[in-house]
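See structure below.
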Amino acid sequence: MTDAGAPNVGLGRPDYTALEFGPPLDDRPYVIANMVSSADGKVVVEGTEQGLGSPDDQALMRELRFHADVVMNGAGTLRASGTSSRVPEALQQRRIAAGKPANPLGAVVTSSGALPLDRAFFTARDFEAMVFASEEAGGERLEALRATGRPLVVMPSDAGIAWVLRHMRQELGASLLLVEGGPSLNGELFDGGLIDELFLTVGSVVVAGDGTKTAVQSERPPDLDALTRLDLVSAAVNAATSEVYLRYRIDGRGAR
């Protein structure tokens, strides 16, 4: 934001590699979420986000990864479209020069442990990744996850997403966590007050459809007195793609 507190508004694709973020807390990293939606607020088409964002949007996603210590997805996102924590080679070199791993750590959270083990998240070796799985997944599924070679963190059955963030901060030393969805994981984080910033690309398409998912899905009933208020930090309009790139900070949270 500017010194006067007004949002930064511009034209063209912004440079997300130049962003700065607030410090972590003692019990969790600084948490940013990144999503792409249609103009009518939908985040999936035929089960995935493909078709909503342009190559420019995808480049911005990787630029946000450049800052992250951990890139986290929910199990549904991994099943639907796969996930990785890769960044382009030029950004890898900048991370290495700053004393970081070439790619951030990838992370997936699952209750059931039923994950597609043939996906690159498990088979690739150019980025590190780990799985957070509930003990309720059962021994057979947990053993299958261990057999992939990815580190497995078994969560108590009553553990929520705050438990995962605490582990990332206190056991892994993560300062910045990037969450790339899906909607249910976003909902749990927003319900818990665990999001610091939201990056949202509004694509130039209309999806329509009844019951199509939005960026944040939660079982908590809507409450007019408990809405999450956002401060607009920046907005950029890309005339080439007709996309709008929005950066919000949770109201009152500041940059800490």
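List of remarks:
- For the range 126-171, GluC sites (Glu not before Pro) are listed when DSSP marks them as loop and at most 12 other Cβ atoms sit within 10 Å of their Cβ; the list is 171.
- In this label model, residue 147 and residue 124 are separated by 2.4 nm, measuring between points 7 Å along each Cα→Cβ vector.
- Distance from the range 121-170 to the range 1-57 (C-alpha centre basis), Å: 26 Å
- 161, 96, reordered so the largest accessible area comes first (probe 1.4 Å): 96, 161
- The residues of the range 10-92 have, on average, 41 Å² of accessible surface per residue, using a 1.4 Å probe with all protein chains present.
- The chain, relative contact order in percent, only Cα pairs under 8 angstrom and at least six apart counted: 30 percent
- Using the rule -39500 (n - 2.57) for each DSSP H run of four or more residues, divided by the residues of the chain, the 222 nm mean residue ellipticity is -6500 deg cm²/dmol.
- Each Lys and Arg contributes +1 and each Asp and Glu -1, all at the Cβ; summed about the Cα centre of the range 80-221, the dipole is approximately 520 debye.
- Accessible-area composition of the range 116-253, carbon plus sulfur, in percent [1.4 Å probe]: 49 percent
- Each Lys or Arg adds one and each Asp or Glu subtracts one; over the other residues with Cβ under 14 Å from the Cβ of residue 37, this totals -3.
- Loop-located GluC sites (Glu not before Pro) in the range 36-88 (DSSP state other than H, G, I, E, B) with a sparse environment of at most 12 neighbouring Cβ atoms within 10 Å: 46.
- Solvent-accessible area per residue, Å², over the range 104-178 with all protein chains present [probe radius 1.4 Å]: 45 Å²
- Prolate/oblate/rounded label for the range 1-52 (Cα gyration tensor, a/c 1.5): oblate
- Whole-angstrom gap from the range 77-120 to the range 207-256, using each part's C-alpha centre: 24 Å
- Exposure of residue 56 as accessible area (Å², to 10), given a probe of 1.4 Å and all protein chains: 50 Å²
- In a reduced charge model with +1 at each Lys and Arg Cβ and -1 at each Asp and Glu Cβ, the chain shows a dipole moment near 620 debye about its Cα centre.
The values are calculated or read from the model by the stated rules, or taken from the named source; none is laboratory data. These figures come from a predicted structure and were not determined experimentally. Glycine also receives a Cβ, built like all others from the backbone with ideal geometry; neighbour counts cover every protein chain displayed. The protein model used for the area step is the full one, side chains on, heavy atoms only, and it has no ligands, DNA or RNA in it. Shrake-Rupley method; radii C 1.70, N 1.55, O 1.52, S 1.80 Å.
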